[in-house]
Amino acid sequence: MAKPLTALCALLLAAPVHADDDGWLDRLLTRLGASKQVDLSKGIDWGVLPGPFYNPEMGAGIGVAAVGLYKPDDALPDTQLSTLTLRGFVSSVGALGIGFDNNTFFGDDTWRFYATGSLVRLPTSYWGVGYDAAHQNANKRDYTKEEFALSPRILRRVAPSTYAGIGWSLQQTRAVDVEAGSAIESDPDGESVFVSGATVHFSYDTRDFIPNPAHGQTLQLNAGFYAPGLGSDTRFQTLETIYDYYHPLGDDVLALDLYSRLSWGDVPWTMMSQMGNGNRMRGYFLGQYRDKNMVAGQLEYRHHLVGRHGMVFWGGFGTIADKVSDLGDDAPWLPTVGVGYRFEFKPRVNVRLDLGFGRDTTGLYFQLNEAF
């Protein structure tokens, strides 16, 4: 399988690991908007980065990301920078897509607005629901996923470092070119699923910079309520819990992530909790292991080498189950370990190349910002 590599990324990965404040690499990156200084004189400080990626779902590909750092007009000087990331990709298996992520902090950080969205066409595979289905490779059937997703939310500070708010979640998924014998064919939700629901959010957050925290912690509770009256095909509920803690060790950081996603009701196969992405359970094929409930944890050591360069090491675990009471019993705990390289593309905004290992599987991820 071809692994395209742009000239820019070849330069980054081959760059000598030493401080070079005025060297050729910094001059090249400055032309791309990747200066070490943030310039808000034009409203948004943009940087553009093309680069390769490889992961178990999409194979090898090329992506382009535009990263914007900015502050709303009413933001105070000590309010953290807001970020807008626009991305697009195409891969060797025929996957293509566009998406965005936005974190906006208003005034003295009294109000926060978050939004994510994506439009993708992705040749992928489906094993079915549950560990037993995923563990048998004979259940694997190919299909192409066509999906649109949008999730805005707004939160208000209700106490020091504490936020509460509401949002909405939309997702339209179509399975096309489904291989004969796929579990999708017998699933009661069929090949086209639309979900729409109101979301409620609570967050205690002392992180200094969300895309790449150096210290602080966050506890997040995100609940979703989907029903036909809200436009959804089926009625179900979800509860996502995230606890992250960041302990500084000089220029290094020890980061802990504990995660759970629980669901109840008539959960469609497209909205099951899934293992394996660039943030958690790295190394697993996204969606191979899916069920109503999932828990996972990981510990990551982020080591600054010198200048713009760094590396990380992590280890973690996760499991899935149909019932909350069966978590840890219904399926074995699956491991994840890995190592990654970091390059500071813009101030506190890292490009990351992660190599993750799971049980009998590996994945290579090229993405922006830290995994958590």
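The values are calculated or read from the model by the stated rules, or taken from the named source; none is laboratory data. Everything numeric in this text was worked out from a predicted model, so none of it was measured. Here the Cβ is made from the backbone with ideal geometry for all residues, glycine too, and neighbour counts use every protein chain on show.
Take ARG141 and tell me if it is over 25 Å from THR319 (Cα atoms) and either touching a Leu at 6+ places or on another chain (Cβ under 7 Å) or touching a residue at least 40 places away in the same chain (Cβ under 8 Å) (or both).
Against the criterion (over 25 Å from THR319 (Cα atoms) and either touching a Leu at 6+ places or on another chain (Cβ under 7 Å) or touching a residue at least 40 places away in the same chain (Cβ under 8 Å) (or both)), ARG141 does not qualify.
Does GLY190 qualify as being out of contact with any Pro (no Cβ under 8 Å at 6 or more places or on another chain) and surrounded by fewer than 16 Cβ atoms within 10 Å (Cβ to Cβ)?
Considered against the rule, which asks whether it is out of contact with any Pro (no Cβ under 8 Å at 6 or more places or on another chain) and surrounded by fewer than 16 Cβ atoms within 10 Å (Cβ to Cβ), GLY190 comes out as yes.
Only one of these conditions is not met by ASN279: (1) at pLDDT below 95; (2) within 15 Å of PHE372 (Cβ to Cβ); (3) over 14 Å from the mean Cα position of the chain (by Cα). Which number is it?
Exception for ASN279: condition (3).
Looking at ALA164, is it within 12 Å of SER196 (Cβ to Cβ) and either at pLDDT 95 or above or under 25 Å from the mean Cα position of the chain (by Cα) (or both)?
Here the answer is no, as ALA164 does not meet what is asked.
Applying the selection to the stretch 102-115, what residues are buried (at least 16 other Cβ atoms within 10 Å of the Cβ) and touching a residue at least 24 places away in the same chain (Cβ under 8 Å)?
Those that are buried (at least 16 other Cβ atoms within 10 Å of the Cβ) and touching a residue at least 24 places away in the same chain (Cβ under 8 Å): ASN103, THR104, PHE105, PHE106, ASP109, TRP111, ARG112, PHE113, TYR114, ALA115.
Quick one: how many residues across the stretch 168-188 are more than 17 Å from THR124 (Cβ to Cβ) and touching a Ser or Thr at 6+ places or on another chain (Cβ under 7 Å)?
Residues meeting the conditions: 3.
Restricting to the stretch 148-182, name every residue that is touching a residue at least 40 places away in the same chain (Cβ under 8 Å), crowded, with 16+ Cβ neighbours inside 10 Å, of a type outside the set (Val, Ile, Thr) and closer than 22 Å to ASP291 by Cβ.
If the condition is that a residue be touching a residue at least 40 places away in the same chain (Cβ under 8 Å), crowded, with 16+ Cβ neighbours inside 10 Å, of a type outside the set (Val, Ile, Thr) and closer than 22 Å to ASP291 by Cβ, then SER151, SER169, GLN171, ALA175, SER182 are the ones that fit.
Report, by residue number, each residue of the stretch 66-80 that is buried (at least 16 other Cβ atoms within 10 Å of the Cβ), touching a Phe, Trp or Tyr at 6+ places or on another chain (Cβ under 7 Å) and outside any strand (DSSP E or B).
Answer for the stretch 66-80, where residues must be buried (at least 16 other Cβ atoms within 10 Å of the Cβ), touching a Phe, Trp or Tyr at 6+ places or on another chain (Cβ under 7 Å) and outside any strand (DSSP E or B): ALA75, THR79, GLN80.
Say we look at the stretch 237-270 and pick out the residues that are farther than 19 Å from GLU370 by Cα and in contact (Cβ under 8 Å) with a residue 40 or more places away in the chain; which of these is surrounded by the most Cβ atoms within 10 Å (Cβ to Cβ)?
THR270
I need the full set of residues from the stretch 281-339 which are of a type in the set (Asp, Glu) and surrounded by fewer than 19 Cβ atoms within 10 Å (Cβ to Cβ), in order please.
Passing the criteria: ASP322, ASP326, ASP329, ASP330.
Restricting to strands (runs of 3 or more DSSP E) lying wholly in the stretch 282-372: which have 1 or more residues that are of a type in the set (Gly, Ala, Ser), under 25 Å from GLU240 (Cβ atoms) and modelled with pLDDT of 90 or more?
Ranges flagged: 293-306, 309-321, 334-346, 349-358.
Note down all Cβ pairs under 9 Å where the first residue falls in the stretch 356-372 and is β-branched (Val, Ile, Thr), the second is part of a strand (DSSP E or B), and they're at least six residues apart or on different chains.
Qualifying pairs under 9 Å: THR362/GLY338; THR362/LEU355; THR362/GLY356.
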